[in-house]
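Enquirer: One structure, pasted below without further comment.
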Amino acid sequence: MDVHRSEATAVEMREAVHALLSVLDPGQVSELRAAPARLDAPELREWTYLPGPRPGLSTEGLDGRQREAVDALLAAAHSAPGAELARGAIEVERHRRATAGAAGTDRYWVRLLGDPDGDGPWGWRMNGHHLAVHVLITAGAIRVTPHFVGAEPARVTDGPQAGRRLLGPEEDLARELVTDLDPLRRAAAVFAATPPDDILTRADPFADPDLLPAGLAYADMTSGQRRLLERLVRRYLDRAPPAYARECWSDIVARGPAGLSFAWAGGRAPGERHYYCVRGPDLLIEYDNTQDDGNHAHSVWRHVRHDWGADLLRAHYTEQHG
């Protein structure tokens with residue numbers, strides 16, 4: 001683990017939280033900080049990527065300075081491309097609302113968990129339609145899953161953003177992989193002609209790779225197909241701050257990439273409704289573009305051991321009561 005870089009990321013996020021607190025009024029601070037005392041409370045595993053209110057401070061009523069502070073906090077929890085992706089989810093959602101005649105301020109909710117200036121774990125999250133970012137931080141370690149980004153539309157067809165495909169690389173890499181498969185390998189990878197209507201794990205509080213089809217194993221792929229799968233996995237990991245992304249990839253390499261598998265459902269031609277997933281001992285990735293005639297995409301990265309910072313919280317509370 002790159003401890004020094006993880007510590008630097010934690011410091012950057014702590015400073016971003018302080019900057020946000022400095023521009024909020026007392027009532028807004030209370031909304032931001034409303035959370036259970038224990039960060040492993042079951043209610044903190046409740047999440048959704050659907051429209052609707054969440055606990056925490058709503059961005060809907062924030063002024064320009066406050067919105068900039070939220071944007072800076074969001075950026076601090078990501079790599080540069082990851083921050084662009086998270087911002088993009090907000091921008092595409094803004095376009096969707098305008099197209100539907102419901103233009104207005106953004107509606108996301110930010111929640112601060114624990115004390116960023118204390119000795120214990122702390123974190124924050126930002127949730128709303130098609131964006132779910134969950135961050136847990138301790139000295140020298142960071143966790144950022146579940147991480148969900150959606151795009152409705154998946155391809156913007158009009159206005160200033162026409163042609164934009166927010167999740168285009170996530171879709172194209174997987175399509176390139178399934179298209180490259182020979183009939184025998186494709187038969188192992190493709191589990192259904194009709195894709196599911198949504199990601200299979202939905203908003204499950206616990207990531208369970210066994211919910212996903214077995215698919216085609218990494219070990220049964222050609223070297224070129226293995227490289228495509230590695231690129232696809234790293235595309236998701238690279239949403240995270242670089243030190244944590246490297247840690248996750250190093251864990252996959254140490255366990256052996258042979259534990260990875262890839263599955264697909266639906267059409268393979270661009271524009272056809274489709275779904276894919278990647279699973280591994282600790283990894284769960286899902287992507288679907290099935291709703292609205294294949295122009296409404298969801299993507300999620302889950303980590304079986306790290307979701308919600310469960311491993312860090314378990315160690316903390318065990319030590320505290322040991």
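Enquirer: When you go through (1) in contact with a Ser or Thr (Cβ under 8 Å, 6 or more places away or on another chain); (2) open to solvent by less than 50 Å² (accessible area, probe 1.4 Å); (3) touching a residue at least 60 places away in the same chain (Cβ under 8 Å) one by one for ALA217, which number turns out not to apply?
Expert: Failing condition for ALA217: (3).
Enquirer: Something else now. With in contact with a Lys or Arg (Cβ under 8 Å, 6 or more places away or on another chain) and open to solvent by less than 50 Å² (accessible area, probe 1.4 Å) as the only criterion, which of ALA10, ALA35, ALA41, ALA69 stands out?
Expert: Working: ALA10 fails: in contact with a Lys or Arg (Cβ under 8 Å, 6 or more places away or on another chain); ALA41 fails: in contact with a Lys or Arg (Cβ under 8 Å, 6 or more places away or on another chain); ALA69 fails: in contact with a Lys or Arg (Cβ under 8 Å, 6 or more places away or on another chain).
It is ALA35.
Enquirer: Among (1) surrounded by fewer than 19 Cβ atoms within 10 Å (Cβ to Cβ); (2) modelled with pLDDT under 95; (3) touching an Asp or Glu at 6+ places or on another chain (Cβ under 7 Å), where does PRO205 come up short?
Expert: It fails just one condition, (2).
Enquirer: Assuming ALA83 fulfils every condition listed in (1) closer than 24 Å to GLN28 by Cα; (2) open to solvent by less than 10 Å² (accessible area, probe 1.4 Å) apart from one, which condition is it?
Expert: Only one criterion is unmet by ALA83, namely (1).
Enquirer: Another one. When the residues of the stretch 160-178 are narrowed to those that are assigned to a helix (DSSP H, G or I) and aliphatic (A, V, I, L, M), which ends up most open to solvent (accessible area, probe 1.4 Å)? Break it down into steps so the answer makes sense when it comes.
Expert: Restricting attention to the stretch 160-178, the residues satisfying the condition of being assigned to a helix (DSSP H, G or I) are 168-178.
If we keep only those that are aliphatic (A, V, I, L, M) too, we end up with 173-174, 177-178.
On the way: LEU173: 21, ALA174: 0, LEU177: 1, VAL178: 0 Å².
Going through the qualifying residues, I end up with LEU173.
Enquirer: Quick test of your reading of the structure: ASP115 fulfils all but one of (1) touching a residue at least 12 places away in the same chain (Cβ under 8 Å); (2) in a loop (DSSP other than H, G, I, E, B); (3) among the charged types (D, E, K, R); (4) open to solvent by 20 Å² or more (accessible area, probe 1.4 Å). Name the failing condition by number.
Expert: Condition not satisfied by ASP115: (1).
Enquirer: Regarding the stretch 247-260, can at least one residue be identified that is of a type in the set (A, V, I, L, M, F, W, C), in a helix (DSSP H, G or I), without any contact (Cβ under 8 Å) to a residue 24 or more places away in the chain and closer than 20 Å to ALA83 by Cα? Lay out the reasoning, then the answer.
Expert: Of all residues in the stretch 247-260, those of a type in the set (A, V, I, L, M, F, W, C) come to 248-249, 252-254, 258, 260.
When the remaining residues are screened for being in a helix (DSSP H, G or I), the result is 248-249, 252-254, 258.
Imposing the further condition that a residue be without any contact (Cβ under 8 Å) to a residue 24 or more places away in the chain reduces the set to 249, 253-254.
If we keep only those that are closer than 20 Å to ALA83 by Cα too, we end up with 249.
Looking for residues that are of a type in the set (A, V, I, L, M, F, W, C), in a helix (DSSP H, G or I), without any contact (Cβ under 8 Å) to a residue 24 or more places away in the chain and closer than 20 Å to ALA83 by Cα, one finds at least one in the stretch 247-260, hence yes.
Enquirer: Turning to a different aspect of this structure: Out of ALA310, ALA297, ALA245, which single residue is of a type outside the set (Asp, Glu), crowded, with 16+ Cβ neighbours inside 10 Å, within 17 Å of the chain's Cα centre (by Cα) and more than 24 Å from LEU167 (Cα to Cα)? First the steps, then the outcome.
Expert: On the way: ALA297 fails: more than 24 Å from LEU167 (Cα to Cα); ALA245 fails: more than 24 Å from LEU167 (Cα to Cα).
Step by step, each of ALA310, ALA297, ALA245 is checked, and only ALA310 is of a type outside the set (Asp, Glu), crowded, with 16+ Cβ neighbours inside 10 Å, within 17 Å of the chain's Cα centre (by Cα) and more than 24 Å from LEU167 (Cα to Cα).
Rundown of residues vs (1) over 28 Å from TYR236 (Cβ atoms); (2) in contact with a helix residue (DSSP H, G or I) (Cβ under 7 Å, 6 or more places away or on another chain); (3) among the small types (Gly, Ala, Ser), yes/no style:
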| residue | (1), (2), (3) |
| --- | --- |
| THR9 | no, yes, no |
| HIS18 | yes, no, no |
| GLU43 | no, no, no |
| PRO51 | no, no, no |
| PRO55 | no, no, no |
| THR59 | no, yes, no |
| ARG65 | yes, no, no |
| LEU73 | no, yes, no |
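Enquirer: Here is a follow-up. When the residues of the stretch 271-303 are narrowed to those that are touching a Leu at 6+ places or on another chain (Cβ under 7 Å) and of a type in the set (D, E, K, R), which ends up nearest to PHE206 (Cα to Cα)?
Expert: ARG302
Enquirer: Look at LEU200 and say whether it is outside any loop (DSSP other than H, G, I, E, B), open to solvent by less than 70 Å² (accessible area, probe 1.4 Å), of a type outside the set (Gly, Ala, Ser) and closer than 30 Å to THR99 by Cβ. Give the derivation first.
Expert: Values: outside any loop (DSSP other than H, G, I, E, B): no; open to solvent by less than 70 Å² (accessible area, probe 1.4 Å): yes; of a type outside the set (Gly, Ala, Ser): yes; closer than 30 Å to THR99 by Cβ: yes.
In short, no.
Enquirer: Additional query: Does ARG239 satisfy the criteria of being buried (at least 17 other Cβ atoms within 10 Å of the Cβ) and touching a His at 6+ places or on another chain (Cβ under 7 Å)? Even if it seems obvious, please write down each step before you answer.
Expert: On the way: buried (at least 17 other Cβ atoms within 10 Å of the Cβ): yes; touching a His at 6+ places or on another chain (Cβ under 7 Å): yes.
When the stated conditions are applied, ARG239 passes them.
The values are calculated or read from the model by the stated rules, or taken from the named source; none is laboratory data. Values in this document were obtained by computation on a predicted structure and should not be read as measured data. Using ideal geometry, Cβ is built from the backbone for each residue, glycine included, and neighbour counts are taken over all protein chains shown. The area values use the complete protein model at the heavy-atom level, side chains included, leaving out ligands, DNA and RNA. Shrake-Rupley method; radii C 1.70, N 1.55, O 1.52, S 1.80 Å.
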